[in-house]
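S.K.: After the structure tokens below, expect a handful of questions from me.
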Amino acid sequence: MKRYQDTRNFQECLFDLCLFIFFAAIIALLYHSVLSNFWLFDDPFILRFAEKYSPWQYFINPGVWRKLIIQSLTPFLALSFDADLSFFGFNPLPFYLHQLISLWLTSIVLFIVMKRWAGNFALIGVLMFLVSAPVAAVAQMLMVRHYIEGLLFCLIALNLFVVSIRKQTFLLSIVSSLFYFLSVSSKELYVPLAIIVLLLPVSNFRRRMFYSIPLWFVFVIYFVWRYYMLGDLMGGTGGGRFLGSYEGWGALSLLLKNVYGTIVMMCGISPFSNATVPIVTALIVFLVTLSSVILIKEKRYTILLSFLAISSTVYFIPLAIVNPYYVAGDLPVYRLVFVIAAYLSIVVSLSAKFLYDHSKDIAVIPLRRFFGGFIVLSSLGLVLLIMMNSLTWIRTERKATLKPLIEEGRFFYRADKDALLVKSGPLYGGSYYYENLEFFRKLYRGEESPSVVYDVFAFLDKANPAELKKTRVYKYDPDKGSISEITKSFNERRSRYLSRIQRLPLSIDLKIDHGSISFSVGPHDSGRYFVLFGHKHGLYSMRLDFGKSRKLEMRTTAGMAVFARFGWEAPDGDLTFSPEWHLDFSKYQKITWKRE
């Protein structure tokens, strides 16, 4: 008997190992293109922070940490970048390889955790997770690696906690709490794990409570640490107000729309969405609803209540930050649905396994086989539908959103210093992207960088600046998929733009208080107000429009400093500008200016 059991265990381990290799193959097949990416979005900013400061500084020094982020506490992200930078230098390829390996390890641990309750249906859950749009999005962006590694640590902590109870080994619970700390230092989304472990269908509540003591110790320490580092439990200065910004808490219809929006974001937006998303939604609702009905019929209310409690801690917390129904077209926002994608995959696996097991109780054999087969095919169908939609969506996003950023970043890092790059839309990677990329170009290549503008508003005060006389102007051409020279057309457009500038009334009241910004503009009630940003005098690489709004409050990273000038565009097309000011967001600054 023992020999049979050993053989069975060996075969099971070998099968799991083959699945882990299969997961690696799936990730390589779907996301190998990320290995050709350059630095994107906030990457150079985080890299420069990691290069400048040591781990002990950004883990325990509030002043240092707030130079990176003021509304979140995610120092493990900086540590992860720090490690890659130390080993590989300023080469993005190993960073992206690290990203995919982290995703692979996460899929392995997710399978191990799900298999405890879902058996072989855990495979369906992992596949559903890996092919989802949030995973496809997060795989592309180094700046959100902490979502992947945070989930990895969270799942390891969860698995070790379950093992500690089953083997009655308190030491494993302590090790679990260490991984729990790593997960919450990666992203605050994983803080609810200390609550979730109390709701798991393992042993009894009293024992779960006892073995969760180390996790609750970390839970308490985390909030003390968070308050010390950010000055606010919810999200830095003023961060406690973010819950009130989510309209769904007061409107059931909007809440349901946003729940549906997370499923839309699970699939991504594609030409097939109108057909596939309703089917995906119907299948998920069918599996969950039928499972819930059976639980109620069997009077297993504890499991049902635990499921609802876990849903509230995992599913709805991100909805306090964003309304998914309205932002499904924004690539970076998909990171907020990353945890929900994992959770939905777990729910589908558990529901499918639960229903498949109950199909064996059906007396009529043909009906039993039909229902069991339907559950399996429905689950596989979910995976295929999500994959079709997600891959179509991410291919479009890579071409429309990521490709321009990749080519512009590479051009800036390698081009002659006398070149001028005109950024294409969408407006990602503003002045601080190039400022920090310029830092690494000097550090690793010892060269001056080209200049960058967003449009024709370079050197507004000079009709024929010397800086542009010897400059060749370049811009990304979406038709060619590469950077092309546009010197002649740029100069012609710039001349027409400068001819629209007039000396018109304008007033600015601006206050900066260590990352918090508030300003009011006037005196016009029509037209459009905007502000230009740049990290060099006279050169602006970002334009922020705020339309007819005459007052605005916002927050940014306290460590940033930019050159800026405010402007107003009249309904007839005339333009007027304020003087240029150097804004240092790490200090207190107040500016009052008016032109009659």
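The values are calculated or read from the model by the stated rules, or taken from the named source; none is laboratory data. It should be emphasised that the depicted structure is a prediction, and the values quoted were computed from it without experimental measurement. Positions of Cβ are backbone-derived with ideal geometry, glycine not excepted, and every protein chain shown enters the neighbour counts. Calculation scope for accessible area: heavy atoms of the full protein, side chains included, ligands and nucleic acids excluded. Shrake-Rupley method; radii C 1.70, N 1.55, O 1.52, S 1.80 Å.
S.K.: Looking at the calculated P(r) for the range 104-151, what percent of the C-alpha pair distances fall above 11 Å?
M.R.: The answer is 67 percent, as a whole percent.
S.K.: What net charge is computed for the residues neighbouring R226, neighbours being all others with C-beta under 9 Å from the C-beta of R226, Lys and Arg scored +1, Asp and Glu -1?
M.R.: Here the count lands on -2.
S.K.: Can you tell me the mean projection area, over all orientations, of the convex hull of the range 365-509's alpha carbons? Units nm², please.
M.R.: 16.4
S.K.: Just going by the charge dipole of the range 367-422, with Lys and Arg at +1 and Asp and Glu at -1 on Cβ, which of W393, F371, I406 is farthest out on the positive end?
M.R.: So the residue furthest toward the plus end is F371.
S.K.: What nm value, rounded to one decimal, do you get for the distance between L178 and E447 when each label is placed 7 Å out toward the C-beta?
M.R.: 4.5
S.K.: Just how much of E188 is accessible, in Å², when a 1.4 Å probe is used and the result is rounded to the nearest 10?
M.R.: Accessible area of E188: about 40 Å².
S.K.: In addition: According to the Cα gyration tensor, what semi-axes, each the square root of 5 times an eigenvalue, does the equivalent ellipsoid of the range 81-166 have, listed from largest to smallest in whole Å?
M.R.: Working from the Cα gyration tensor, I get semi-axes of 27, 16, 9 Å.
S.K.: With each run of n ≥ 4 DSSP H residues scored as -39500 (n - 2.57), what mean residue ellipticity at 222 nm is computed for the chain after dividing by its residue count and rounding to the nearest 500 deg cm²/dmol?
M.R.: -18000 deg cm²/dmol
S.K.: Further, regarding this structure: Pairs of Cα atoms under 8 Å, at least six residues apart: use those to get the relative contact order of the range 424-551, whole percent.
M.R.: 28
S.K.: Could I ask something else about it? Averaged over all directions, how much area does the convex hull of the C-alpha atoms of the range 464-509 cover when projected, in nm²?
M.R.: 5.6
S.K.: Straight-line reach only, C-alpha to C-alpha below 28 angstrom: list the lysines that K297 could link to, leaving out same-chain residues fewer than 8 apart.
M.R.: Cross-link targets: K115, K353, K360.
S.K.: Apply the Kirkwood formula to the range 475-596: the hydrodynamic radius equals the inverse of the mean of 1/r over all pairs of different alpha-carbon atoms; give it in Å with one decimal.
M.R.: Hydrodynamic radius (Kirkwood, Cα only) of the range 475-596 equals 15.9 Å.
S.K.: In addition: What does the convex hull of the alpha-carbon atoms of the range 1-158 project to on average, in nm²?
M.R.: 11.3
S.K.: Using the Cα centre of the range 458-596 as origin and beta-carbon charges of +1 (Lys, Arg) and -1 (Asp, Glu), tell me which of P571, S520, F533 is placed farthest towards the positive end of the dipole.
M.R.: Most positive-ward Cα: F533.
S.K.: Which length gain, in nm to one decimal place, applies between V224 and R395 when the Cα-Cα distance is subtracted from 0.36 nm times their residue separation?
M.R.: 57.3 nm
S.K.: Can you give the Rg and Dmax of the chain based on its C-alpha atoms, in angstrom?
M.R.: For the chain, the Cα radius of gyration and maximum Cα-Cα distance read 26.8, 95 Å.
S.K.: Put T281, T74, T302 in order of accessible area, largest first, 1.4 Å probe: what do you get?
M.R.: T302, T281, T74
S.K.: Consider just the alpha-carbon atoms of the range 326-449 and return their Rg together with their Dmax, both in angstrom.
M.R.: For the range 326-449, the Cα radius of gyration and maximum Cα-Cα distance read 24.6, 80 Å.
S.K.: Would you list which lysines come within 25 Å of K470, measuring only between C-alpha atoms, while excluding same-chain residues fewer than 8 positions from it?
M.R.: K417, K423, K442, K462, K488, K536
S.K.: Over what distance in Å are the Cα centres of the range 22-37 and the range 344-401 separated?
M.R.: 23
S.K.: Quick check: Cα centre of the range 524-596 to Cα centre of the range 94-113, how many Å?
M.R.: 42
S.K.: Let me ask something additional. Give me the accessible area per residue for the chain, probe 1.4 Å, as a whole number in Å².
M.R.: For the chain, the per-residue accessible area is 45 Å².
S.K.: Where does the range 144-207 land on Rg(C-alpha)/(2.2 N^0.38 Å)?
M.R.: Relative to the 2.2 N^0.38 Å estimate, the range 144-207 comes out at 1.09.
S.K.: Using all Cα-Cα distances in the range 1-81, what percent lands in each 5 angstrom bin from 0 up to the longest?
M.R.: 3, 12, 15, 11, 8, 9, 10, 10, 8, 6, 5, 3, 0
S.K.: May I pose another question? Averaging sequence separations of C-alpha pairs under 8 Å and six or more residues apart, then dividing by the length of the chain, give the relative contact order as a whole percent.
M.R.: Taking the mean separation of contacting Cα pairs over the length of the chain, I get 14 percent.
S.K.: Let me ask something else. Hey, can you list the DSSP H helices of the chain whose Cα span along the axis is 30 Å or longer and whose average Kyte-Doolittle score is at least 1.6?
M.R.: 273-297
S.K.: Do the alpha carbons of any pairs in K52/K403; K399/K480; K399/K475 sit beyond 22 Å of each other, and which pairs?
M.R.: Checking Cα-Cα distances, K52/K403 exceed 22 Å.
S.K.: I would also like to ask the following. Counting Lys and Arg as +1 and Asp and Glu as -1, what is the net charge of the other residues whose Cβ lies under 13 Å from the Cβ of Q589?
M.R.: 0
S.K.: Mind putting a number on the dipole of the range 327-397 about its Cα centre? Charges go on the C-beta only, +1 for Lys and Arg and -1 for Asp and Glu, and I need it in Debye to the nearest 20.
M.R.: Value, rounded to 20: 220 debye.
S.K.: Per 10 Å bin, what percent of the C-alpha pairs of the range 334-397 does each bin hold, from zero upward?
M.R.: Calculated P(r), rounded to whole percents: 19, 39, 25, 13, 4.
S.K.: Taking 0.36 nm per residue of separation and subtracting the Cα-Cα distance, what length does fully extending E596 through L29 add?
M.R.: Here the answer is 197.9 nm.
S.K.: A follow-up question, please. Can you give me the solvent accessible area of Y432 with a 1.4 Å probe, rounded to the nearest 10 Å²?
M.R.: That residue has around 50 Å² of solvent-accessible surface.
S.K.: While we're on this one: Probe radius 1.4 Å, ligands and nucleic acids ignored: give me the carbon and sulfur share of the accessible area of the chain as a rounded percent.
M.R.: 63
S.K.: In addition: Calculate, in nm to one decimal, what H514 and R496 gain on full extension: separation in residues at 0.36 nm each, minus their alpha carbon distance.
M.R.: 2.6 nm
S.K.: Something else now. Provide the percentage of antiparallel DSSP beta bridges, counting only those with both residues in the chain; round to the nearest 5.
M.R.: 85
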